[in-house]
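The values are calculated or read from the model by the stated rules, or taken from the named source; none is laboratory data. Keep in mind the model is a prediction, meaning the values are calculated, not measured. Reconstructed Cβ throughout: ideal geometry from the backbone, glycine too, with neighbour counts over all protein chains shown. Side chains are part of the model used for accessible areas, which takes the heavy atoms of the whole protein and leaves out ligands, DNA and RNA. Shrake-Rupley method; radii C 1.70, N 1.55, O 1.52, S 1.80 Å.
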Amino acid sequence: MTPSHFSRILISKLPKIIPKSTINFTSTIKYYSTPSTYQFIKVEKSGEKKNVGVITLDRPKALNALCQDLVTELNEAIQKFDSDNSVGAIVLTGNERAFAAGADIKEMADNTFSKNITSAFLEHWSGVAKARKPVIAAVNGYALGGGCEIAMMCDIIYAGDKAKFGQPEIAIGTIPGAGGTQRLTRAIGKSKAMEMVLTGNQITAEEAEKAGLVSKVFPADKVVAEAVKLGEKIASHSQLTVTLAKEAVNKAYEMTLQEGLHFEKRMFQATFSTDDQKEGMKAFIEKRPPKFTNQ
Ligand code: CAA
């Protein structure tokens, strides 16, 4: 049995390690032949090669408050870009005043405990976190409550210099419900997260960068362009390998160190069954840019 044959068998066994969908890049779905009919978001493809999907939250009068219909549209747009082979990364943004000011308080104010349970309230909010492709948040203005939580579901956060992050739920008699107590704590540590969650205080873009919540800060009018540029760079690599790399980093949040190291090693070994690993290393040796095929 050749090493390559062995590797093929290994990747055929991958579904036991990772979901089959993770390695399926064969579906080509075209969603862009007709104009978008979304009410609360806008979608477009950006970048020189139109390989970065951009989703803009577009409910400006309510500071992009995340009503149920907006979240449903956002999930749908994420899924469509995720299944589109021409898209290698997704940028999620809002407007200069707000990325999103949280869940829609007016919509949920009269909810009851039993309604929340029976309607599985907030349970469909994890669409962004479920994306296989990298999602970059480009945050300007307020990212509060559910807005901060959606930004944290993204893989990378870029912020405009006037951005503000916060979990102000405590001030309206509730607590974060879409990851604010969990993802924020993992991102910036217990003391800072506790301070934000218990006071409702906001932090600036600069503070968020210092704390590790945000990876870079740009002038407000540059942040989307910079996020698209980052998306283009990611999209220039093998989508197959990018997906495995993203999944491996995310395992750091879910597994013990030993389990995570084991998972990473298996994924690394499995990459050697791909055409893209062969092409990437061959191109390096031949001193030329690689031509990845996502196979
Ligand atoms: N839900 C519904 N509407 C909202 C909203 C929200 N989260 N945030 C802002 N809006 C609406 C306002 O009601 C207002 O609408 P009207 O003009 O119709 O009154 C409009 O957006 C503009 O808001 P403001 O007049 O309040 O603007 P401001 O500049 O004075 O203040 C702000 C801006 C500090 C962001 C303030 O709007 C605010 O505190 N918003 C609420 C933030 C918040 O508490 N978010 C957490 C929500 S709960 C949650 O997200 C739970 C979860 O974990 C999922």
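May I have the pair-distance distribution P(r) for region 227-295, computed from all Cα-Cα distances with 5 Å bins from 0 and rounded to whole percent?
Result returned by the calculation: 3, 16, 21, 20, 18, 14, 6, 1.
So, R0 is 22 Å and r is the distance between the beta-carbons of N201 and M108; what FRET efficiency does that work out to, to 0.05?
With a Förster radius of 22 Å, E is 0.45.
Could you sort K265, K251 by their accessible area in this structure, using a 1.4 Å probe and putting the largest first?
Greatest to least solvent exposure: K265, K251.
Relative to the longest principal Cα axis of the chain, at what angle does helix 68-82 sit, 0 to 90 degrees, rounded to 10?
So the inclination is approximately 10 degrees.
Run the numbers on region 162-295 and let me know its relative contact order in percent, using alpha-carbon pairs under 8 Å that are six or more apart.
That works out to 19 percent.
Once both labels are modelled 7 Å past Cα along the beta-carbon direction, what's the K278-K42 spacing in nm?
4.5
For F165, F292, write out the residues from largest to smallest accessible area, computed with a 1.4 angstrom probe and no ligands counted.
From most accessible down to least: F292, F165.
Find the Rg to Rh ratio for region 139-295, where Rh is the Kirkwood radius over alpha-carbon pairs and Rg uses the same atoms.
Across region 139-295, the Cα-based Rg/Rh ratio is 1.07.
In nm, to one decimal, how far is the modelled label at K130 from the one at K233, with both set 7 Å along Cα→Cβ?
Here the modelled spin labels are 3.1 nm apart.
Helix 190-199 versus the longest principal axis of the chain: what angle, 0 to 90°, nearest 10, using Cα atoms?
30
Counting alpha carbon pairs within less than 8 Å and at least 6 residues apart, what relative contact order, in whole percent, applies to the chain?
17
Which entries of K42/K222; K222/K251; K80/K251; K106/K246 have Cα-Cα distances beyond 29 Å here?
K222/K251; K106/K246
What number, in nm² with one decimal, is the all-direction average of the projected area of the convex hull of the alpha-carbon atoms of the chain?
Average of the hull's projected areas for the chain equals 17.4 nm².
Any idea how far apart E254 and S119 come out in nm if each label point goes 7 Å out from Cα toward Cβ?
2.8
What aspartates and glutamates could a cross-link reach from K164, if we take a straight Cα to Cα line under 17 Å and drop same-chain neighbours fewer than 8 places away?
Correct list for K164: E96, E149, E195, E206, E207, E209, D221.
Could you work out the helix-only [θ] at 222 nm for the chain, with each DSSP H run of four or more residues adding -39,500 (n - 2.57) and the total divided by the number of residues, to the nearest 500 deg cm²/dmol?
Rounded to the nearest 500, the figure is -12000 deg cm²/dmol.
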